[in-house]
Amino acid sequence: MITVEKIGGTSMSKFDEVLRNIIIGNRKGDDLYNRIFVVSAYSGVTNWLLEHKKTGEPGIYDLFVRDQDYSAALDALLDKLLAINQTFASIKLDLSIAEKFITRRIEQCKNYLTSLAEVLASGYVDKQNILLAAREILASIGEAHSAFNSVNILQNNGIRSTFVDLCGFHDAEFITIDERIMKAFANIDCSSTIPVVTGYTKGTEGIMREFDRGYSEVTFCKIAVEVGATEAVIH
């Protein structure tokens, strides 16, 4: 029996409470496991990356669209993400390891966006597809950040946990969202580890193209189907 649970951005920003009340609660030993957590970015992060979900205030994506200085904006974003990391030091986030991870991911994002911008400037490709790719890349940053941190915190609190990164930053596999999820969980034993999964999933169909800002709920539902979950919970 496996439960899949979705943690939203506001709750993720209060991860000390999530750890204490949701992940641990009254559970001990083996009762901690057979659960999968799908996480959103920390509150506000996806707004900074894309645009404000409610007001429409532009984020870094708009700078890329207008060929403005998105690189400097990503540097500023990194400072904000590192500040968020600081708030979890008290629950044993290893700040050095967490900083290395997100710094590397931001640098990779810059490299990908620079390459996309160069291709876009050539005039040989469809602009809309390039912009959608940029939107996908940016969207993935927030969930990678929060999921990695969560696993590090769990491990440092004596809970076995596995980082399931569905962002596809390190591979060029041309596979669907469902195929990526199936591959990611093929060798995970949920009875002995808590998988913490990015709410963003890279796939050939483009999760942002199909669902835009509702993508983390889609990942959540697809994982529940893939693992045959007995219960799916949104916190």
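Which members of region 158-180 meet the condition of being farther than 21 Å from Ala41 by Cα and touching a residue at least 60 places away in the same chain (Cβ under 8 Å)?
Residues satisfying the conditions are Ile159, Arg160.
Which of the residues that make up region 4-18 are without any contact (Cβ under 8 Å) to a residue 24 or more places away in the chain and touching a helix residue (DSSP H, G or I) at 6+ places or on another chain (Cβ under 9 Å)?
Result: Glu17, single match.
Taking region 102-140 as the region of interest, how many residues are of a type in the set (D, E, K, R), closer than 26 Å to Tyr42 by Cβ and surrounded by fewer than 18 Cβ atoms within 10 Å (Cβ to Cβ)?
So the count comes out to 3.
Restricting attention to region 47-60, report how many residues are in a loop (DSSP other than H, G, I, E, B) and not acidic (Asp, Glu).
Count: 7.
Glu17 - would you say it is over 21 Å from Ala117 (Cα atoms), loosely packed, with under 14 Cβ neighbours inside 10 Å, modelled with pLDDT under 95 and of a type outside the set (A, V, I, L, M, F, W, C)?
no
Give the number of residues within region 112-147 that are under 23 Å from Val164 (Cα atoms) and of a type in the set (S, T, N, Q).
Of the residues in that region, 2 qualify.
Looking at Asn26, Asn21 in this structure, which one is of a type outside the set (Gly, Ala, Ser), outside any loop (DSSP other than H, G, I, E, B) and free of Cβ contacts under 8 Å to residues at least 24 places away in the same chain?
So the residue among Asn26, Asn21 that is of a type outside the set (Gly, Ala, Ser), outside any loop (DSSP other than H, G, I, E, B) and free of Cβ contacts under 8 Å to residues at least 24 places away in the same chain is Asn21.
Considering (1) at pLDDT 95 or above; (2) more than 20 Å from Tyr33 (Cβ to Cβ), say which one Ile159 fails and leave the rest.
Only one criterion in (1) at pLDDT 95 or above; (2) more than 20 Å from Tyr33 (Cβ to Cβ) is unmet by Ile159, namely (2).
Among the β-branched types (Val, Ile, Thr), more than 19 Å from Cys109 (Cα to Cα) and touching a residue at least 24 places away in the same chain (Cβ under 8 Å): which single residue out of Val125, Val196 fits that description?
Among Val125, Val196, only Val196 is among the β-branched types (Val, Ile, Thr), more than 19 Å from Cys109 (Cα to Cα) and touching a residue at least 24 places away in the same chain (Cβ under 8 Å).
Collect the residues in region 29-58 that are within 30 Å of Val4 (Cβ to Cβ), small (Gly, Ala, Ser) and free of Cβ contacts under 8 Å to residues at least 40 places away in the same chain, keeping them in residue-number order.
Scanning region 29-58 gives Gly29, Ser43, Gly44.
Taking into account only those residues within region 188-235 that are polar (S, T, N, Q) and over 17 Å from Gly8 (Cα atoms), which is surrounded by the most Cβ atoms within 10 Å (Cβ to Cβ)?
The qualifying residue surrounded by the most Cβ atoms within 10 Å (Cβ to Cβ) is Thr193.
Name the residues in region 185-224 that are aliphatic (A, V, I, L, M), assigned to a helix (DSSP H, G or I) and touching a strand residue (DSSP E or B) at 6+ places or on another chain (Cβ under 9 Å), would you?
Listed by number, the residues that qualify are Ile223, Ala224.
Quick one: which of Glu143, Glu179, Glu173 is out of contact with any Pro (no Cβ under 6 Å at 6 or more places or on another chain), at negative phi and surrounded by 19 or more Cβ atoms within 10 Å (Cβ to Cβ)?
Glu143
So how many residues does region 75-108 have that are under 24 Å from Thr204 (Cα atoms) and in contact (Cβ under 8 Å) with a residue 40 or more places away in the chain?
Number of matching residues: 2.
The values are calculated or read from the model by the stated rules, or taken from the named source; none is laboratory data. As the structure is a computational prediction, the values presented were derived from the model and not from experiment. Glycine gets a Cβ as well: all are built from the backbone with ideal geometry, and neighbour counts include every protein chain shown.
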